[in-house]
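**Student:** Here you go, one structure.
Derivation of every value follows stated rules applied to the coordinates shown; laboratory data play no part. Since this is a predicted model, take the numbers as computed values, not measurements. Cβ placement follows ideal geometry from the backbone for every residue including glycine, while neighbour counts extend to all protein chains displayed.
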Amino acid sequence: MKNRSRPDIMAIILESANGGITKTKLLTRANLTSGQLRQYLDVLIEKKLITELVADDKRHIAYKTNEKGMRYLSVYSSLKSIAVFPQE
């Protein structure tokens, strides 16, 4: 697997969480360890790009990309299409 940049991984997480997703499913889709995912989620939550949804029982947590996160994805996609780098 090719190395992914931080912005690439953040985009994968935000795309996956677009409709709401649990941490377990995010781990699989982003192909990260639990510790790595926690670090990324902490940054995304701090920057207000993703929202943490806590169920009434406080045991079930889901993540959902919010409006600011969608703007990030839009800008990321635009930059990626402009800056096409050769494959190694």
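**Student:** Scan segment 15-65 for residues that are polar (S, T, N, Q), within 25 Å of Lys2 (Cβ to Cβ) and not in a helix (DSSP H, G or I) and jot them down. Steps first, please.
**Tutor:** Taking segment 15-65 and keeping what is polar (S, T, N, Q), we get 16, 18, 22, 24, 28, 31, 33-34, 36, 39, 51, 65.
If we keep only those that are within 25 Å of Lys2 (Cβ to Cβ) as well, we get 16, 18, 24, 28, 31, 33-34, 36, 39, 65.
Of everything in segment 15-65, those that are polar (S, T, N, Q), within 25 Å of Lys2 (Cβ to Cβ) and not in a helix (DSSP H, G or I) turn out to be Asn18, Asn31, Thr33, Thr65.
**Student:** For segment 1-20, give me each residue that is of a type in the set (Gly, Ala, Ser), out of contact with any helix residue (DSSP H, G or I) (no Cβ under 6 Å at 6 or more places or on another chain) and surrounded by 14 or more Cβ atoms within 10 Å (Cβ to Cβ). Outline the logic, then answer.
**Tutor:** The initial filter retains those residues of segment 1-20 that are of a type in the set (Gly, Ala, Ser), namely 5, 11, 16-17, 19-20.
Applying the additional criterion that residues be out of contact with any helix residue (DSSP H, G or I) (no Cβ under 6 Å at 6 or more places or on another chain) yields 5, 17, 19-20.
Across segment 1-20, the qualifying residue is only Ala17.
**Student:** Scan segment 67-76 residue by residue and report those that are within 23 Å of Arg4 (Cα to Cα) and free of Cβ contacts under 8 Å to residues at least 60 places away in the same chain.
**Tutor:** Taking segment 67-76 as the starting set, the residues that turn out to be within 23 Å of Arg4 (Cα to Cα) are 68-76.
Listed by number, the residues that qualify are Lys68, Gly69, Met70, Arg71, Ser74, Val75.
**Student:** How about segment 31-88: which of its residues are out of contact with any strand residue (DSSP E or B) (no Cβ under 8 Å at 6 or more places or on another chain), among the basic types (Lys, Arg) and surrounded by 10 or more Cβ atoms within 10 Å (Cβ to Cβ)?
**Tutor:** Initial filter on segment 31-88 (out of contact with any strand residue (DSSP E or B) (no Cβ under 8 Å at 6 or more places or on another chain)): 31-40, 42-43, 46-48, 56-59, 67-68, 70-72, 74-88.
Filter once more, keeping what is among the basic types (Lys, Arg): 38, 47-48, 58-59, 68, 71, 80.
Result: Arg38, Lys47, Lys48, Lys68, Arg71, Lys80.
**Student:** Those residues that are under 14 Å from Ala62 (Cβ atoms) and surrounded by 13 or more Cβ atoms within 10 Å (Cβ to Cβ), I need them from segment 21-30; list them, please. Can you show your working first?
**Tutor:** The first filter runs over segment 21-30 and keeps only residues under 14 Å from Ala62 (Cβ atoms), leaving 21-27, 29.
If the condition is that a residue be under 14 Å from Ala62 (Cβ atoms) and surrounded by 13 or more Cβ atoms within 10 Å (Cβ to Cβ), then Ile21, Thr22, Lys23, Lys25, Leu26, Leu27, Arg29 are the ones that fit.
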